[in-house]
Amino acid sequence: MSGLVAVHVGAGSHSSSLKGEYKTLMKKACTQAMTLLRGGGNAVDAVCAATQVLEDSPRTNAGIGSSLTADGRVECDACVMDGRTLRHGAVGAVPGVRNPVLLARQILEAQSQPLPGGLVPPSFLAGSGAQIWAASHNVETCEPAELIAERSQRIHEESIRNIQRLEEGGTKRRRYALPEEEEEMQGGLLDTVGAVCVDSAGYVASAVSSGGLLLKHSGRVGQAAVYGCGCWAENNCDGSGVSIGVSTTGCGEHLIRTMFARLCARAAISPALGTSIIDAVTTHFLESDFLEGVHPRMAGALILRHDPQGAVSDLYWLHTTRTMGVCYMTTNDRKPQAQFSEMVEEKIGVSVNLQCKSFRSGIPVTSPLEGLQPGTSQGEASGLAGEEQEKSDTSDEEEPG
């Protein structure tokens, strides 16, 4: 069978002037992952390689360039899940690690190696303990300050000044220095990154990495490190015969309270496909009692559904935010395809924008979303899936690298 890898650069409010740069980055990540798959690598290899490329860019909120804590530090979250073994490795609020996703993978792999005396290998490490573990397991560490990008420092300082201005009784905040940063920060950029993959053997894997919320309290851990919230990967999901991989993005607190990755995985099992995903996100996220009083509700997810019987892979991406950027590539493709989807302003935080691309044996086929019609039985979000399809930025001209 053919392999498929897909990546995202988060759900939030991406600047229109930077979309070309984001697309180029996502294409690089997919190409790197596909090189590994074509060379015999597995799904875990691919999602980690793709996410590492995204972490290495100061443009994303992961690895170098992550959002800074209130006290001006970089603390990262990441996790990896292997759908074949169902093991999950995660790190939270870790300082001084260049690629948190590689540390999460090492933690995942170490779980297969028994410790003496009946000790239990960790599945989740946090803070300085995670950094110490990284150094002792050949994961590259660095001085924490080396992960602070100029862009992150500038946004941090301007955000602090705006908060102080409001605390002193000011009624208006100052605009950010650069137009693209003003556009992104005004809409709430939640640019967690991640990847999903099915390899040539039919195994799935997923990964996610994030620097967390801007001005978060030191030690705060978001969904990117939490089991069932940041990512999910499961072959033969719930005994259905279908394999699912999920990587999430959005406000971590919202995603943790709804176990968003696991929620999306269960919804994607259904043969009703898009309808079941929309219904689940609407009922268990947008209308969830667990988010009482929370508005707007910000989430996104990249979902891979692989049916080995029909050799069909369905790739979904959804968001309740203004924008979401994704890119995908199969082993049959010469180059990856990258795009952004957008939500109309009045629907942000209260409706779902769902997009889909389907493949049979690596060849694009008619999307199941094309048969999903607006109707009162699925509610407002269902109708939006078809309506917002037209707002997807499907043009994918070559951008300068």
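The values are calculated or read from the model by the stated rules, or taken from the named source; none is laboratory data. Bear in mind that the values here come from a model prediction, so they are computed numbers and not experimental data. Cβ coordinates were reconstructed from backbone atoms using ideal geometry, including for glycine residues, and neighbour counts include every protein chain displayed. Accessible surface is based on the protein model in full, side chains and every heavy atom, while ligands, DNA and RNA are left aside. Shrake-Rupley method; radii C 1.70, N 1.55, O 1.52, S 1.80 Å.
Things worth noting here:
- Subset of segment 135-145 (residues that are in contact with a Gly (Cβ under 8 Å, 6 or more places away or on another chain) and open to solvent by less than 90 Å² (accessible area, probe 1.4 Å)): T141, C142, P144
- Any chance A6 is touching a helix residue (DSSP H, G or I) at 6+ places or on another chain (Cβ under 9 Å) and in a helix (DSSP H, G or I): no
- Residue in segment 72-88 that is open to solvent by 40 Å² or more (accessible area, probe 1.4 Å), among the acidic types (D, E), assigned to a loop (DSSP other than H, G, I, E, B) and at pLDDT 95 or above present: no
- Annotation note: Cβ proximity below 8 Å between a residue of segment 244-258 that is closer than 21 Å to R84 by Cβ and a residue that is modelled with pLDDT under 95 and open to solvent by 10 Å² or more (accessible area, probe 1.4 Å) (sequence gap 6+ or interchain) occurs for I244/I269.
- Filter result (within 24 Å of D191 (Cα to Cα) and either of a type in the set (V, I, T) or open to solvent by 30 Å² or more (accessible area, probe 1.4 Å) (or both)) within segment 146-164: E146, I148, E150, R151, Q153, R154, I155, E157, I160, R161, I163
- Among the numbered conditions (1) free of Cβ contacts under 8 Å to residues at least 24 places away in the same chain; (2) in contact with a His (Cβ under 6 Å, 6 or more places away or on another chain), the only one that L68 does not meet is (1).
- Considering the conditions (1) part of a loop (DSSP other than H, G, I, E, B); (2) surrounded by 24 or more Cβ atoms within 10 Å (Cβ to Cβ); (3) touching a Gly at 6+ places or on another chain (Cβ under 7 Å); (4) not hydrophobic (A, V, I, L, M, F, W, C), G63 is excluded by exactly one of them, (3).
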